[in-house]
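Single-structure report; data block below.
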Amino acid sequence: SRSSNKIIVCEKMEDDGFYMRKCVELAKKAIGRTAPNPMVGCVIVKGDEIVGQGFHPKAGQPHAEVFALRDAGILAENATAYVSLEPCNHYGRTPPCTEALIRAKVKRVVVGMVDPNPIVASKGVEKLRASGIDVTVGIEELLCQKLIEAYTHRMLTGKPFVTLRYSMSFNGRILNHLGRGAEESGGYYSKLLEEYDGIVSSSNFYTRTSNLPVSHETGANQPLQIVITNGDSLQIPDSISKSSARIVVLAEKQIIVEPESEGVEVVVIEQMNLRKILDYCGQQGLCSVIIDIRGDDGYLGDLLEDGLNENLVQKVVMELCPVLDRNQESSILTFGKKSLSLRDLQLRVSNDSVIVEGYIS
Ligand code: AOF
Ligand code: ZN
């Protein structure tokens, strides 16, 4: 019954959640492609019908609202716009979405979360309200925050959101190679790589591998390969230097990389540490990186330990492999000097491996 106001309010709130979840779904169509910008989705609703939808495909291209308004055309007038992130109110690579919404004469705007970008930060909401538009903020807020946790982290710290990944044996050794779950095409690692803007690994790994960790998802964006070395030279296998992978070698000093290849760039970072590596990644516009650590990564392992002490790592994805590893070179990483606990654990099985992930509290 629509006879009492109270019931109408409840129904409306439920609908708001439904359309906001739709926005998040749309936003994810650009997974791994929007850095340094966030993923954003938008739907325009008239009555109980979606008359327009859109998402932000890539930095430099129009924002989600612009695509959704174009899709809705004149039907946007008096409609409600749902956006997973507060509409921007500034001239960046593109003009302000607030103005586009005002021009289209929408009646109401429902926002998932306020934009952590200090040049937006509630100014978008204020501008819309000042123009007489009814604005609701904070619908499905946790879902929207989770969607852009990497973007938010970089916006607030200047560094990318960092996930540490490794494969571990049943006897607690970090494997020198990828576990079977990580190797599986279409497995958990392939999906993870699709989401991240960069992957940091040691030169050790590059000299002995013929396959880089890449996403096998169809049309997936491939992360930038960041190779860490303190050596004098680096031999990259032909199969890799001839692939389309973009590689940046971060070295302590000027080094010789062979074969010379256009896809490989060398950047010198003196007295390297994880903070400097991540500052470099943040400056390059990467919102998220995976640090892929192997048991024999002595140098990168040391940088990682210091980085953990400095709280530079946000998440851990561990692949527990059903093997007893007798390799004496592989190590039991101490992972820093202080104890850290993990929260929001998730557990699943992927091709004979158990994948456990959690956020560092
Ligand atoms: C929105 N909708 O779809 C996105 C927003 O350089 P620009 O013009 O692309 O602006 C980038 C900033 O705009 C970005 O840092 C974030 O604050 C916001 N992103 N805003 O209204 C969108 N992607
Ligand atoms: Zn915008």
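Bear in mind that the values in this text are calculations on the coordinates, not laboratory data. Since we're looking at a predicted model, the values are computed, not measured. Because the Cβ atoms are built from the backbone with ideal geometry, glycine has one as well, and the counts that use them run over all protein chains shown.
Listed by chain and number, the lysines placed with their C-alpha closer than 25 angstrom to that of LYS338 are LYS159, LYS276, LYS315; residues fewer than eight positions away on the same chain are left out.
Rounded to the nearest 0.05, the FRET efficiency derived from the C-beta distance between GLU25 and SER261 at R0 = 41 Å is 0.55.
With the cut-off at 1.5 for a/c, could you classify region 224-361 from its C-alpha gyration tensor as rounded, prolate or oblate? Prolate is the answer for region 224-361, as a/c is 1.5 or above and a/b outweighs b/c.
The antiparallel fraction among DSSP beta bridges confined to the chain stands at about 35%. Seen against the Cα atoms of the chain and their longest principal axis, helix 5-27 is set at about 40 degrees. The Cα atoms of region 283-325 give a gyration tensor whose axes a ≥ b ≥ c have a/c of 1.5 or more with a/b greater than b/c, which makes the shape prolate.
In the chain, the calculated helix contribution to ellipticity at 222 nm averages -8500 deg cm²/dmol per residue, counting -39,500 (n - 2.57) for every DSSP H run with n ≥ 4. In this Cβ point-charge picture (+1 for Lys and Arg, -1 for Asp and Glu), region 246-361 has a dipole of about 520 debye about its Cα centre. When LYS127, LYS28, LYS146 are arranged by Cβ crowding within 10 Å, least crowded first, meaning fewest neighbours, the order is LYS146, LYS28, LYS127.
Computing FRET efficiency as 1/(1 + (r/R0)^6) for LEU345 and ALA121, where r is the C-beta to C-beta distance and R0 is 22 Å, gives about 0.10.
Only Lys, Arg, Asp and Glu carry charge here, each on its Cβ (+1 for the first two, -1 for the last two); on that basis region 1-153 has a dipole of about 300 debye about its Cα centre.
Here the chain is assigned +1 on the Cβ of each Lys and Arg and -1 on the Cβ of each Asp and Glu. Its dipole about the Cα centre then comes out at about 1060 debye. Each label point was placed 7 Å from the Cα along the Cα-to-Cβ direction; for PHE18 and ASN273 their separation is 5.4 nm. Within the straight-line cut-off of under 30 Å between alpha carbons, the lysines reachable from LYS105 are LYS6, LYS12, LYS22, LYS28, LYS29, LYS46, LYS58, LYS123, LYS127, sequence neighbours fewer than 8 places apart in one chain being disregarded.
Taken over the chain, the alpha-carbon convex hull comes to 158 cubic angstrom per residue.
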